[in-house]
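Engineer: The structure is given below, and queries will be raised subsequently.
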Amino acid sequence: MTTILDTTPDDDELGLPAARRRSAALERQIHEQPGRFRALTGDRPTGRLHLGHYFGTLHNRVRLQNLGVDMMVLIADYQVLTDRDVADRLAEHVEDLTLDYLAVGIDPDRATVFTHSAVPALNQLLLPFLSLVSVSELGRNPTVKDEIAHSRQSAVSGLMFTYPVHQAADILFCKAGLVPVGQDQLPHLEVARTVARRFNSRYGPVFPEPEALLSAAPLLLGTDGGKMSKSRGNAIALAATADETARMIRGAKTDADRNITYDPAARPEVSSLVLLAALCLDRDPHEVAGEIGGRGAAGLKGVVTDAVNDRFAPIRARRAELAQDRAHIRRVLRDGNEWANAIADDTLKEVREAMKAFY
Ligand code: TRP
(Lines give C-alpha, C1' and ligand atoms only; values in the text may rest on other atoms or scores of the structure.)
Protein backbone atom coordinates (compact mmCIF):
# COMPACT_ATOMS: atom_id res chain seq x y z
CA MET A 1 0.00 0.00 0.00
CA THR A 2 2.64 2.53 0.99
CA THR A 3 4.64 1.79 -2.14
CA ILE A 4 1.68 2.98 -4.15
CA LEU A 5 1.43 6.25 -2.29
CA ASP A 6 5.13 6.89 -2.04
CA THR A 7 6.07 7.40 -5.65
CA THR A 8 7.23 10.98 -5.93
CA PRO A 9 7.27 12.38 -9.43
CA ASP A 10 10.67 12.79 -10.91
CA ASP A 11 11.86 16.42 -10.83
CA ASP A 12 12.77 16.34 -14.45
CA GLU A 13 9.22 15.46 -15.42
CA LEU A 14 7.87 18.39 -13.48
CA GLY A 15 10.38 20.92 -14.77
CA LEU A 16 9.18 23.48 -17.23
CA PRO A 17 12.14 23.23 -19.62
CA ALA A 18 11.56 19.49 -19.90
CA ALA A 19 7.82 20.03 -20.50
CA ARG A 20 8.65 22.55 -23.25
CA ARG A 21 11.09 20.20 -24.96
CA ARG A 22 8.58 17.39 -24.76
CA SER A 23 5.84 19.61 -26.22
CA ALA A 24 8.05 20.51 -29.16
CA ALA A 25 8.69 16.82 -29.86
CA LEU A 26 4.96 16.11 -29.60
CA GLU A 27 4.21 18.91 -32.05
CA ARG A 28 6.42 17.19 -34.61
CA GLN A 29 4.63 13.87 -34.11
CA ILE A 30 1.23 15.56 -34.37
CA HIS A 31 2.19 17.04 -37.71
CA GLU A 32 3.28 13.64 -38.97
CA GLN A 33 0.30 11.64 -37.74
CA PRO A 34 -2.46 13.82 -36.30
CA GLY A 35 -4.98 10.99 -36.44
CA ARG A 36 -3.04 9.05 -33.80
CA PHE A 37 -3.81 11.62 -31.13
CA ARG A 38 -6.73 12.36 -28.91
CA ALA A 39 -6.52 15.63 -27.00
CA LEU A 40 -8.66 16.69 -24.09
CA THR A 41 -8.90 20.13 -22.64
CA GLY A 42 -11.57 22.26 -21.12
CA ASP A 43 -12.72 25.27 -19.22
CA ARG A 44 -14.70 26.04 -16.15
CA PRO A 45 -17.92 27.73 -17.20
CA THR A 46 -17.35 31.08 -15.49
CA GLY A 47 -18.89 33.29 -18.16
CA ARG A 48 -17.79 34.59 -21.52
CA LEU A 49 -14.27 33.87 -22.67
CA HIS A 50 -11.92 36.76 -23.33
CA LEU A 51 -9.11 37.61 -25.72
CA GLY A 52 -6.53 36.07 -23.38
CA HIS A 53 -8.35 32.73 -23.72
CA TYR A 54 -8.51 33.14 -27.45
CA PHE A 55 -4.81 33.71 -28.06
CA GLY A 56 -3.78 31.49 -25.14
CA THR A 57 -5.74 28.36 -25.96
CA LEU A 58 -8.84 28.53 -28.17
CA HIS A 59 -6.83 29.35 -31.23
CA ASN A 60 -4.58 26.36 -30.54
CA ARG A 61 -7.52 23.99 -30.09
CA VAL A 62 -8.97 24.96 -33.42
CA ARG A 63 -5.54 24.48 -34.98
CA LEU A 64 -5.25 20.95 -33.55
CA GLN A 65 -8.79 20.11 -34.61
CA ASN A 66 -8.06 21.31 -38.12
CA LEU A 67 -4.88 19.26 -38.26
CA GLY A 68 -6.99 16.17 -37.61
CA VAL A 69 -6.44 15.56 -33.88
CA ASP A 70 -9.48 14.04 -32.13
CA MET A 71 -10.46 16.98 -29.88
CA MET A 72 -12.48 16.55 -26.71
CA VAL A 73 -13.55 19.86 -25.20
CA LEU A 74 -14.89 19.69 -21.66
CA ILE A 75 -17.14 22.23 -20.03
CA ALA A 76 -16.13 21.56 -16.44
CA ASP A 77 -19.47 22.25 -14.79
CA TYR A 78 -18.67 20.18 -11.69
CA GLN A 79 -15.19 21.59 -11.22
CA VAL A 80 -16.60 25.12 -11.30
CA LEU A 81 -18.59 24.36 -8.17
CA THR A 82 -15.40 25.26 -6.29
CA ASP A 83 -16.66 28.80 -6.89
CA ARG A 84 -20.08 29.47 -5.36
CA ASP A 85 -20.71 32.79 -7.13
CA VAL A 86 -20.33 31.25 -10.53
CA ALA A 87 -22.28 28.12 -9.71
CA ASP A 88 -25.40 30.21 -9.24
CA ARG A 89 -25.60 30.93 -12.97
CA LEU A 90 -24.38 27.65 -14.34
CA ALA A 91 -26.79 27.12 -17.24
CA GLU A 92 -26.15 30.57 -18.64
CA HIS A 93 -22.39 30.12 -18.38
CA VAL A 94 -22.50 26.74 -20.09
CA GLU A 95 -24.42 28.25 -22.97
CA ASP A 96 -22.02 31.20 -23.24
CA LEU A 97 -19.04 28.88 -23.30
CA THR A 98 -20.59 26.68 -25.98
CA LEU A 99 -21.31 29.75 -28.09
CA ASP A 100 -17.74 30.99 -27.72
CA TYR A 101 -16.39 27.59 -28.78
CA LEU A 102 -18.57 27.37 -31.85
CA ALA A 103 -17.93 30.98 -32.81
CA VAL A 104 -14.13 30.58 -32.79
CA GLY A 105 -14.34 27.49 -34.96
CA ILE A 106 -14.66 24.42 -32.74
CA ASP A 107 -16.56 22.21 -35.15
CA PRO A 108 -18.99 19.72 -33.57
CA ASP A 109 -18.57 17.43 -36.57
CA ARG A 110 -14.91 17.03 -35.74
CA ALA A 111 -14.69 17.81 -32.02
CA THR A 112 -16.69 16.67 -28.99
CA VAL A 113 -18.05 19.34 -26.66
CA PHE A 114 -19.44 17.90 -23.42
CA THR A 115 -20.19 18.63 -19.77
CA HIS A 116 -19.10 16.83 -16.58
CA SER A 117 -22.54 16.57 -15.10
CA ALA A 118 -23.95 14.61 -18.05
CA VAL A 119 -21.33 11.86 -17.97
CA PRO A 120 -21.88 9.68 -14.87
CA ALA A 121 -19.23 7.06 -15.70
CA LEU A 122 -16.55 9.77 -15.89
CA ASN A 123 -17.48 10.96 -12.43
CA GLN A 124 -17.50 7.45 -11.03
CA LEU A 125 -13.80 7.10 -11.84
CA LEU A 126 -13.15 9.70 -9.17
CA LEU A 127 -13.68 7.14 -6.38
CA PRO A 128 -11.02 4.57 -7.26
CA PHE A 129 -8.74 7.42 -8.32
CA LEU A 130 -9.04 9.16 -4.95
CA SER A 131 -7.79 5.99 -3.30
CA LEU A 132 -4.54 6.33 -5.22
CA VAL A 133 -3.44 9.72 -3.90
CA SER A 134 -2.57 10.78 -0.39
CA VAL A 135 -4.04 13.71 1.48
CA SER A 136 -0.60 15.28 1.79
CA GLU A 137 -0.09 15.09 -1.95
CA LEU A 138 -3.39 16.89 -2.45
CA GLY A 139 -2.28 19.55 0.00
CA ARG A 140 0.95 20.20 -1.89
CA ASN A 141 -0.64 21.05 -5.27
CA PRO A 142 0.66 24.58 -6.02
CA THR A 143 -2.25 25.54 -8.30
CA VAL A 144 -4.81 24.55 -5.66
CA LYS A 145 -2.82 26.36 -2.97
CA ASP A 146 -2.82 29.48 -5.08
CA GLU A 147 -6.56 29.24 -5.71
CA ILE A 148 -7.24 28.76 -2.02
CA ALA A 149 -5.10 31.81 -1.25
CA HIS A 150 -7.14 33.93 -3.69
CA SER A 151 -10.51 32.40 -2.91
CA ARG A 152 -13.32 34.58 -1.59
CA GLN A 153 -14.86 31.62 0.23
CA SER A 154 -14.61 31.47 3.99
CA ALA A 155 -13.82 27.74 4.04
CA VAL A 156 -12.00 25.39 1.69
CA SER A 157 -14.43 22.82 0.32
CA GLY A 158 -13.61 19.15 -0.13
CA LEU A 159 -14.09 19.66 -3.85
CA MET A 160 -11.46 22.40 -3.94
CA PHE A 161 -9.02 19.97 -2.37
CA THR A 162 -9.83 17.01 -4.61
CA TYR A 163 -10.68 18.56 -7.96
CA PRO A 164 -7.27 17.76 -9.48
CA VAL A 165 -8.15 14.06 -9.07
CA HIS A 166 -11.49 14.71 -10.75
CA GLN A 167 -9.54 16.42 -13.50
CA ALA A 168 -7.46 13.24 -13.81
CA ALA A 169 -10.76 11.45 -14.49
CA ASP A 170 -11.57 14.07 -17.17
CA ILE A 171 -8.37 13.23 -18.96
CA LEU A 172 -8.20 9.48 -18.36
CA PHE A 173 -11.82 8.55 -19.05
CA CYS A 174 -11.20 9.10 -22.76
CA LYS A 175 -7.53 8.00 -22.62
CA ALA A 176 -6.43 11.34 -24.01
CA GLY A 177 -2.72 11.29 -24.78
CA LEU A 178 -2.47 15.04 -25.15
CA VAL A 179 -3.62 17.79 -22.85
CA PRO A 180 -3.12 21.24 -24.37
CA VAL A 181 -2.81 23.53 -21.35
CA GLY A 182 -1.03 26.51 -19.92
CA GLN A 183 1.68 26.01 -17.34
CA ASP A 184 -0.60 26.60 -14.34
CA GLN A 185 -2.21 23.27 -15.20
CA LEU A 186 1.03 21.26 -15.13
CA PRO A 187 0.61 20.17 -11.50
CA HIS A 188 -2.83 18.80 -12.39
CA LEU A 189 -1.44 16.94 -15.33
CA GLU A 190 1.13 15.41 -13.02
CA VAL A 191 -1.73 14.15 -10.83
CA ALA A 192 -3.34 12.54 -13.88
CA ARG A 193 -0.05 10.88 -14.83
CA THR A 194 0.47 9.65 -11.30
CA VAL A 195 -3.07 8.27 -11.07
CA ALA A 196 -2.65 6.47 -14.41
CA ARG A 197 0.67 4.96 -13.32
CA ARG A 198 -0.58 3.85 -9.93
CA PHE A 199 -3.82 2.46 -11.30
CA ASN A 200 -1.93 0.45 -13.90
CA SER A 201 0.60 -0.91 -11.46
CA ARG A 202 -2.08 -1.85 -8.98
CA TYR A 203 -4.74 -3.30 -11.30
CA GLY A 204 -3.12 -3.85 -14.68
CA PRO A 205 -2.61 -1.69 -17.76
CA VAL A 206 -5.68 0.41 -18.54
CA PHE A 207 -4.56 4.02 -18.90
CA PRO A 208 -1.93 5.67 -21.10
CA GLU A 209 0.00 8.43 -19.33
CA PRO A 210 -1.21 11.72 -20.75
CA GLU A 211 1.23 14.43 -21.75
CA ALA A 212 0.97 18.19 -21.58
CA LEU A 213 1.08 20.10 -24.80
CA LEU A 214 2.22 23.52 -23.69
CA SER A 215 1.24 26.26 -26.04
CA ALA A 216 3.50 29.24 -26.41
CA ALA A 217 0.78 31.38 -24.86
CA PRO A 218 1.50 35.08 -25.19
CA LEU A 219 1.06 36.90 -21.91
CA LEU A 220 -1.67 39.47 -22.37
CA LEU A 221 -2.36 41.70 -19.39
CA GLY A 222 -5.74 43.11 -18.47
CA THR A 223 -6.53 46.72 -19.32
CA ASP A 224 -5.48 47.73 -15.78
CA GLY A 225 -2.06 46.16 -16.22
CA GLY A 226 -2.90 43.23 -13.90
CA LYS A 227 -3.52 39.59 -14.77
CA MET A 228 -6.32 39.41 -17.32
CA SER A 229 -9.36 37.96 -15.64
CA LYS A 230 -13.07 38.26 -16.07
CA SER A 231 -13.62 38.70 -12.36
CA ARG A 232 -11.30 41.73 -12.29
CA GLY A 233 -13.29 43.52 -14.99
CA ASN A 234 -10.13 44.11 -17.01
CA ALA A 235 -10.69 41.64 -19.84
CA ILE A 236 -12.13 42.24 -23.29
CA ALA A 237 -14.67 39.50 -23.98
CA LEU A 238 -14.60 37.69 -27.29
CA ALA A 239 -18.27 38.58 -27.54
CA ALA A 240 -17.84 42.27 -26.70
CA THR A 241 -19.24 44.75 -29.21
CA ALA A 242 -16.95 47.05 -31.18
CA ASP A 243 -18.03 49.94 -28.94
CA GLU A 244 -17.41 48.05 -25.72
CA THR A 245 -14.00 47.08 -27.07
CA ALA A 246 -13.17 50.70 -27.93
CA ARG A 247 -14.29 51.86 -24.49
CA MET A 248 -12.17 49.29 -22.65
CA ILE A 249 -9.09 50.03 -24.71
CA ARG A 250 -9.59 53.78 -24.28
CA GLY A 251 -9.53 53.26 -20.50
CA ALA A 252 -6.48 50.98 -20.57
CA LYS A 253 -3.47 51.86 -18.46
CA THR A 254 -0.40 53.12 -20.34
CA ASP A 255 2.61 55.25 -19.37
CA ALA A 256 3.95 58.76 -19.92
CA ASP A 257 6.46 57.98 -22.68
CA ARG A 258 4.94 59.11 -26.00
CA ASN A 259 7.29 56.99 -28.04
CA ILE A 260 5.66 53.57 -28.38
CA THR A 261 8.03 50.60 -28.06
CA TYR A 262 7.68 46.90 -27.39
CA ASP A 263 9.55 46.20 -24.17
CA PRO A 264 7.49 43.89 -21.93
CA ALA A 265 9.93 44.01 -19.00
CA ALA A 266 10.23 47.81 -18.79
CA ARG A 267 6.80 48.84 -20.12
CA PRO A 268 4.38 46.00 -19.39
CA GLU A 269 1.11 47.89 -20.03
CA VAL A 270 2.10 49.54 -23.31
CA SER A 271 3.76 46.34 -24.49
CA SER A 272 0.70 44.26 -23.75
CA LEU A 273 -1.41 46.57 -25.93
CA VAL A 274 1.19 46.40 -28.69
CA LEU A 275 1.19 42.61 -28.39
CA LEU A 276 -2.59 42.45 -28.59
CA ALA A 277 -2.55 44.45 -31.83
CA ALA A 278 0.28 42.32 -33.21
CA LEU A 279 -1.55 39.07 -32.42
CA CYS A 280 -4.71 40.33 -34.08
CA LEU A 281 -2.75 41.40 -37.15
CA ASP A 282 -0.49 38.32 -37.21
CA ARG A 283 2.52 40.60 -37.12
CA ASP A 284 5.68 41.16 -35.14
CA PRO A 285 5.11 43.41 -32.08
CA HIS A 286 8.38 45.35 -32.58
CA GLU A 287 7.28 46.28 -36.08
CA VAL A 288 3.81 47.32 -34.93
CA ALA A 289 5.34 49.49 -32.17
CA GLY A 290 7.82 51.01 -34.63
CA GLU A 291 5.03 52.10 -36.96
CA ILE A 292 3.09 53.78 -34.16
CA GLY A 293 6.29 55.49 -33.02
CA GLY A 294 5.71 58.96 -31.58
CA ARG A 295 1.92 58.93 -31.89
CA GLY A 296 1.63 58.19 -28.16
CA ALA A 297 -0.91 56.26 -26.17
CA ALA A 298 -3.86 57.63 -28.16
CA GLY A 299 -2.28 56.49 -31.43
CA LEU A 300 -1.54 53.09 -29.93
CA LYS A 301 -5.08 52.69 -28.63
CA GLY A 302 -6.54 53.54 -32.01
CA VAL A 303 -4.42 50.87 -33.69
CA VAL A 304 -5.29 48.25 -31.04
CA THR A 305 -9.02 48.99 -31.21
CA ASP A 306 -9.12 48.63 -34.99
CA ALA A 307 -6.98 45.50 -34.92
CA VAL A 308 -9.20 43.78 -32.32
CA ASN A 309 -12.45 44.83 -33.91
CA ASP A 310 -11.36 43.78 -37.40
CA ARG A 311 -9.97 40.45 -36.28
CA PHE A 312 -13.00 39.52 -34.19
CA ALA A 313 -15.77 40.93 -36.40
CA PRO A 314 -16.44 37.58 -38.16
CA ILE A 315 -16.27 35.61 -34.90
CA ARG A 316 -18.63 38.05 -33.21
CA ALA A 317 -21.06 37.99 -36.11
CA ARG A 318 -21.08 34.22 -36.07
CA ARG A 319 -21.61 34.17 -32.34
CA ALA A 320 -24.58 36.51 -32.60
CA GLU A 321 -26.09 34.34 -35.29
CA LEU A 322 -25.59 31.13 -33.29
CA ALA A 323 -27.08 32.74 -30.20
CA GLN A 324 -30.38 32.92 -32.06
CA ASP A 325 -30.47 29.15 -32.43
CA ARG A 326 -30.83 27.67 -28.95
CA ALA A 327 -31.92 24.33 -30.37
CA HIS A 328 -28.60 24.03 -32.18
CA ILE A 329 -26.61 24.68 -29.00
CA ARG A 330 -28.63 22.08 -27.13
CA ARG A 331 -28.09 19.61 -29.95
CA VAL A 332 -24.32 20.16 -29.92
CA LEU A 333 -24.20 19.45 -26.18
CA ARG A 334 -26.58 16.51 -26.41
CA ASP A 335 -24.54 14.87 -29.17
CA GLY A 336 -21.25 15.62 -27.41
CA ASN A 337 -22.55 14.22 -24.14
CA GLU A 338 -23.85 11.12 -25.86
CA TRP A 339 -20.46 10.38 -27.37
CA ALA A 340 -18.62 11.16 -24.14
CA ASN A 341 -20.95 8.75 -22.32
CA ALA A 342 -20.22 5.98 -24.79
CA ILE A 343 -16.48 6.43 -24.24
CA ALA A 344 -16.85 6.73 -20.46
CA ASP A 345 -19.02 3.62 -20.21
CA ASP A 346 -16.40 1.58 -22.06
CA THR A 347 -13.61 2.84 -19.86
CA LEU A 348 -15.54 2.28 -16.65
CA LYS A 349 -16.24 -1.27 -17.78
CA GLU A 350 -12.51 -1.85 -18.30
CA VAL A 351 -11.75 -0.31 -14.93
CA ARG A 352 -14.24 -2.50 -13.13
CA GLU A 353 -12.91 -5.58 -14.89
CA ALA A 354 -9.35 -4.63 -13.96
CA MET A 355 -10.46 -4.15 -10.35
CA LYS A 356 -12.38 -7.40 -10.49
CA ALA A 357 -15.44 -5.44 -9.50
CA PHE A 358 -17.69 -6.87 -12.15
CA TYR A 359 -20.66 -8.71 -10.71
N1 TRP B 1 -8.80 23.30 -14.60
C2 TRP B 1 -9.02 23.85 -15.90
C3 TRP B 1 -9.15 25.37 -15.74
O4 TRP B 1 -9.41 25.85 -14.67
C5 TRP B 1 -10.28 23.33 -16.58
C6 TRP B 1 -10.26 21.84 -16.77
C7 TRP B 1 -11.10 20.94 -16.20
C8 TRP B 1 -9.34 21.09 -17.56
N9 TRP B 1 -10.78 19.68 -16.57
C10 TRP B 1 -9.73 19.72 -17.41
C11 TRP B 1 -8.25 21.42 -18.38
C12 TRP B 1 -9.01 18.69 -18.04
C13 TRP B 1 -7.55 20.39 -19.00
C14 TRP B 1 -7.93 19.04 -18.82
O15 TRP B 1 -8.99 26.07 -16.72
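This table checks each residue for (1) surrounded by fewer than 19 Cβ atoms within 10 Å (Cβ to Cβ); (2) assigned to a helix (DSSP H, G or I).
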| site | (1), (2) |
| --- | --- |
| 56 | no, yes |
| 59 | yes, yes |
| 66 | yes, yes |
| 74 | no, no |
| 77 | no, no |
| 85 | yes, yes |
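Engineer: Which one of these does residue 220 not meet: (1) in contact (Cβ under 8 Å) with a residue 12 or more places away in the chain; (2) open to solvent by 70 Å² or more (accessible area, probe 1.4 Å)?
Structural biologist: (2)
Engineer: Let me ask something else about it. Taking residue 134 as the residue in question, decide whether it is of a type outside the set (Phe, Trp, Tyr), open to solvent by 50 Å² or more (accessible area, probe 1.4 Å) and either more than 11 Å from the ligand (Cβ to nearest atom) or touching a helix residue (DSSP H, G or I) at 6+ places or on another chain (Cβ under 6 Å) (or both).
Structural biologist: For residue 134, the condition - of a type outside the set (Phe, Trp, Tyr), open to solvent by 50 Å² or more (accessible area, probe 1.4 Å) and either more than 11 Å from the ligand (Cβ to nearest atom) or touching a helix residue (DSSP H, G or I) at 6+ places or on another chain (Cβ under 6 Å) (or both) - is not met.
Engineer: Might you let me know whether the stretch 213-230 holds any residue that is polar (S, T, N, Q), within 14 Å of the ligand (Cβ to nearest atom) and not in a strand (DSSP E or B)?
Structural biologist: Within the stretch 213-230, the subset polar (S, T, N, Q) is 215, 223, 229.
Then drop every residue that is not within 14 Å of the ligand (Cβ to nearest atom), which leaves 215, 229.
Now narrow it down to the ones that are not in a strand (DSSP E or B): 215, 229.
Taking every residue of the stretch 213-230 in turn, at least one turns out to be polar (S, T, N, Q), within 14 Å of the ligand (Cβ to nearest atom) and not in a strand (DSSP E or B).
Engineer: Scan the stretch 104-126 for residues that are under 17 Å from residue 175 (Cβ atoms) and polar (S, T, N, Q) and report the count.
Structural biologist: The total comes to 3.
Engineer: What number of residues within the stretch 36-52 satisfy the criterion of being open to solvent by 50 Å² or more (accessible area, probe 1.4 Å), at pLDDT below 95 and part of a helix (DSSP H, G or I)?
Structural biologist: Adding up the residues that qualify gives 0.
Engineer: Can you name every residue in the stretch 151-178 that is among the β-branched types (Val, Ile, Thr), open to solvent by 10 Å² or more (accessible area, probe 1.4 Å) and at pLDDT 95 or above? So that I can check it myself, show each step before the final result.
Structural biologist: Let us first name the residues in the stretch 151-178 that are among the β-branched types (Val, Ile, Thr), namely 156, 162, 165, 171.
From the residues that got through so far, the ones that are open to solvent by 10 Å² or more (accessible area, probe 1.4 Å) too are 156, 162.
The one that is among the β-branched types (Val, Ile, Thr), open to solvent by 10 Å² or more (accessible area, probe 1.4 Å) and at pLDDT 95 or above: 162.
Engineer: Now, a different point. Take the residues of the stretch 294-344 that are among the charged types (D, E, K, R) and open to solvent by less than 60 Å² (accessible area, probe 1.4 Å): which is nearest to residue 247 (Cα to Cα)?
Structural biologist: The selected residue is 301.
Engineer: Okay, moving on. What single numbered condition from (1) more than 13 Å from the ligand (Cβ to nearest atom); (2) assigned to a helix (DSSP H, G or I) fails to hold for residue 209?
Structural biologist: (2)
Engineer: Which number in (1) under 23 Å from residue 36 (Cα atoms); (2) at pLDDT 95 or above; (3) within 12 Å of the ligand (Cβ to nearest atom) marks the one condition that residue 181 misses?
Structural biologist: Condition not satisfied by residue 181: (2).
Engineer: Something else: Could you tell me which residue of the stretch 345-359 is most open to solvent (accessible area, probe 1.4 Å), considering only residues that are closer than 21 Å to residue 198 by Cα and outside any helix (DSSP H, G or I)?
Structural biologist: Filtering first and then ranking leaves 356.
Engineer: Go through the stretch 156-171 and give me each residue that's more than 10 Å from the ligand (Cβ to nearest atom) and either closer than 13 Å to residue 213 by Cα or touching a residue at least 60 places away in the same chain (Cβ under 8 Å) (or both).
Structural biologist: Just the residues of the stretch 156-171 that are more than 10 Å from the ligand (Cβ to nearest atom), to begin with: 156-162, 165.
Hits for the stretch 156-171 are 157, 159, 160.
Engineer: Output the residues belonging to the stretch 165-203 that are within 16 Å of residue 23 (Cα to Cα) and assigned to a helix (DSSP H, G or I). Give the derivation first.
Structural biologist: Of the stretch 165-203, the ones within 16 Å of residue 23 (Cα to Cα) are 176-187, 189-190, 193.
If the condition is that a residue be within 16 Å of residue 23 (Cα to Cα) and assigned to a helix (DSSP H, G or I), then 183, 184, 185, 186, 187, 189, 190, 193 are the ones that fit.
Engineer: While we're on this one: Quick one: what pairs do we get from the stretch 94-121, first residue under 18 Å from residue 79 (Cβ atoms), second of a type in the set (Ser, Thr, Tyr) and open to solvent by 30 Å² or more (accessible area, probe 1.4 Å), C-beta under 9 Å, 6+ apart or different chains?
Structural biologist: Listed pairs, sorted by first residue: 97/46; 115/78; 116/78; 117/78.
Engineer: Those residues that are under 24 Å from residue 33 (Cα atoms), more than 15 Å from the chain's Cα centre (by Cα) and either of a type in the set (A, V, I, L, M) or within 9 Å of the ligand (Cβ to nearest atom) (or both), I need them from the stretch 69-89; list them, please.
Structural biologist: 69
The values are calculated or read from the model by the stated rules, or taken from the named source; none is laboratory data. These numbers come from a predicted model, not from an experiment. Note that each Cβ is placed from the backbone with ideal geometry, even for glycine, and that neighbours are counted across all protein chains shown. Protein only, heavy atoms only, side chains kept; ligands, DNA and RNA dropped before computing areas. Shrake-Rupley method; radii C 1.70, N 1.55, O 1.52, S 1.80 Å.
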